[in-house]
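Colleague: Supplied in structure tokens, the structure appears directly below.
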Amino acid sequence: MSDQPAENTKAQSAASANAMWGGRFAAGPDAIMEAINASIGFDRRLFAQDIAGSRAHAAMLAAQDIISPSDAEAIREGLLTVLSEIETGSFPFSTALEDIHMNVEARLKEVIGEPAGRLHTARSRNDQVAVDFRLWVRDQADAAVAGIEALQKALLAQAEAGADWVMPGFTHLQSAQPVTWGHHMLAYVEMLSRDAGRFRDARARMNECPLGAAALAGTSFPIDREATAKALGFDRPMANSLDAVADRDFALEFLSAATLCAMHLSRLAEELVIWSSAQFRFVRLSDRFSTGSSIMPQKRNPDAAELLRAKIGRILGATVSLFTVMKGLPLAYSKDMQEDKEQVFDAADTLMLSLAAMTGMVSDMTANREALRAAAAAGFSTATDLADWLVRTLGLPFREAHHVTGSLVALAEKKGCDLPELSLAEMQSGHAGITQEVYSVLGVENSVASRTSYGGTAPSEVKKQVSRWKARLA
Ligand code: ARG
């Protein structure tokens, strides 16, 4: 089911005072007031959550003898009718009715008449919107975890295929030491697991129910907040009614987790942009995730990766925006808080699309094993192995070994060759104790195979981590 109801342009007259609180008002709002005040243009997206909240509330009111069973049954059936009207696109959304809560209630009145007026007993739009939004964000946290796990699986498949493929590891984007493709892929699997953990933590913390806080102070009706909390899948009701209607920290936690995840995606995206260039040729993105140029026939552009690199701008923007809205607000509800939803909707949509696009790109891409291998050997990438050999075999202090190796790198650079291409005599010009054995550590395969420390890049370690992750994500 889509959470985006179909558009309905049937306008309703706003000439008269509001049907929900018209008693106190002689005139309806100015058109500009209506335009700035209405949230129905975006909060219609909460319709399923709003109706679920109302159903739980009505059932509880009846169970507590606050409304009659027959009224509760009429409300229940009426809400189902309203739900299907929204889902099928026949619901007459009205800007004059401001938001999803009043749109649903007003339509319920048209459908079932008088009992509809009893639904709002012991409730306010303040706890109503808080529960709707929590339910929506909770679903998105679950969706984010699922999206992250799909991407982790795609990365894991790459890691498994190339557990022992050698590639350059970089620091400062300069060749540093050889690493393995599998190791590089698993680095992102780890980052993403912390992202998923943040969404899970946020979900656990947000899973308390604000319904029943009413406007801000609770209610004099004998409501059962445990019952509504349970019916809506919450762990418990929120313990303080002011807090329940006043905070949006759950949305901010979701946005913060989304921002961190988008940051990770942007780094992987940047690597894909670099790696797919003609200068690197480390990966080939599939046709399905590349675009051409209208003028340069040879081009294969990594547009999806570039867009993923940029999407964090929107998500971080939403985060900053909502922090700015919430900062300094006095308790309890203020209308400022209506500005929470569009930011979260956009950030959630952006994150889910980003995760799906990255998953597609990673699943489809082909690593160029030969290009990775060739690049791994360039740039004196085994210099550290030479220095380590001098320490291990000749007992040199590391600082001295570093110095000797530096002089040999300078010599190779001058000769225009790589370290393993220096003759033994040339090697011995750096240190007389060097023997033929040194060449065994200068190959990139040897280099990676030797890095068996826990979490290191050796294929043997990478294979262990792949098995661990396969079991965890199964
Ligand atoms: N549309 C409102 C919002 O999104 C619902 C709550 C309105 N409450 C109120 N006291 N006016 O925040």
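The values are calculated or read from the model by the stated rules, or taken from the named source; none is laboratory data. This structure is a prediction, so every number in the text was calculated from the model and none was measured. Positions of Cβ are generated from backbone atoms using ideal geometry, with glycine treated the same way; all protein chains shown enter the neighbour counts.
Colleague: Cβ contacts < 7 Å: first residue of a type outside the set (A, V, I, L, M, F, W, C), restricted to region 405-430; second residue modelled with pLDDT of 95 or more and exposed (fewer than 15 other Cβ atoms within 10 Å of the Cβ), any location; separation 6+ or different chain. Result?
Modeller: Gly430/Ser407
Colleague: Among (1) surrounded by fewer than 14 Cβ atoms within 10 Å (Cβ to Cβ); (2) away from the ligand (no atom under 16 Å from the Cβ); (3) modelled with pLDDT of 95 or more; (4) among the aliphatic types (A, V, I, L, M), there is one condition Leu331 misses while meeting the rest; what is its number?
Modeller: Leu331 satisfies all of (1) surrounded by fewer than 14 Cβ atoms within 10 Å (Cβ to Cβ); (2) away from the ligand (no atom under 16 Å from the Cβ); (3) modelled with pLDDT of 95 or more; (4) among the aliphatic types (A, V, I, L, M) except (2).
Colleague: How many residues are within 17 Å of Asp385 (Cα to Cα) and either in contact with a strand residue (DSSP E or B) (Cβ under 6 Å, 6 or more places away or on another chain) or assigned to a loop (DSSP other than H, G, I, E, B) (or both) if we restrict to region 424-439?
Modeller: Counting residues in region 424-439 that are within 17 Å of Asp385 (Cα to Cα) and either in contact with a strand residue (DSSP E or B) (Cβ under 6 Å, 6 or more places away or on another chain) or assigned to a loop (DSSP other than H, G, I, E, B) (or both) gives 4.
Colleague: Inspect all residues belonging to region 385-400 and state whether any of them is in contact with a strand residue (DSSP E or B) (Cβ under 9 Å, 6 or more places away or on another chain) and either in contact (Cβ under 8 Å) with a residue 24 or more places away in the chain or closer than 23 Å to Gln174 by Cα (or both).
Modeller: Looking for residues that are in contact with a strand residue (DSSP E or B) (Cβ under 9 Å, 6 or more places away or on another chain) and either in contact (Cβ under 8 Å) with a residue 24 or more places away in the chain or closer than 23 Å to Gln174 by Cα (or both), one finds at least one in region 385-400, hence yes.
Colleague: Tell me, which helices (runs of 4 or more DSSP H) lie completely within region 194-311 with 3 or more residues that are at pLDDT 95 or above, within 16 Å of the ligand (Cβ to nearest atom) and out of contact with any helix residue (DSSP H, G or I) (no Cβ under 6 Å at 6 or more places or on another chain)?
Modeller: Correct list: 241-246.
Colleague: Hey, among the residues in region 101-153 that are among the β-branched types (Val, Ile, Thr) and closer than 18 Å to Arg198 by Cβ, which one's surrounded by the most Cβ atoms within 10 Å (Cβ to Cβ)?
Modeller: Ile148
Colleague: Any residue at all in region 345-354 that is in a helix (DSSP H, G or I), among the charged types (D, E, K, R), within 16 Å of the ligand (Cβ to nearest atom) and out of contact with any Asp or Glu (no Cβ under 9 Å at 6 or more places or on another chain)?
Modeller: So far as region 345-354 goes, yes, one or more of its residues are in a helix (DSSP H, G or I), among the charged types (D, E, K, R), within 16 Å of the ligand (Cβ to nearest atom) and out of contact with any Asp or Glu (no Cβ under 9 Å at 6 or more places or on another chain).
Colleague: What helices (runs of 4 or more DSSP H), lying completely within region 24-136, carry at least 1 residues that are over 34 Å from the mean Cα position of the chain (by Cα) and away from the ligand (no atom under 16 Å from the Cβ)?
Modeller: Those helices (runs of 4 or more DSSP H) span 31-37, 47-63, 69-88, 100-112.
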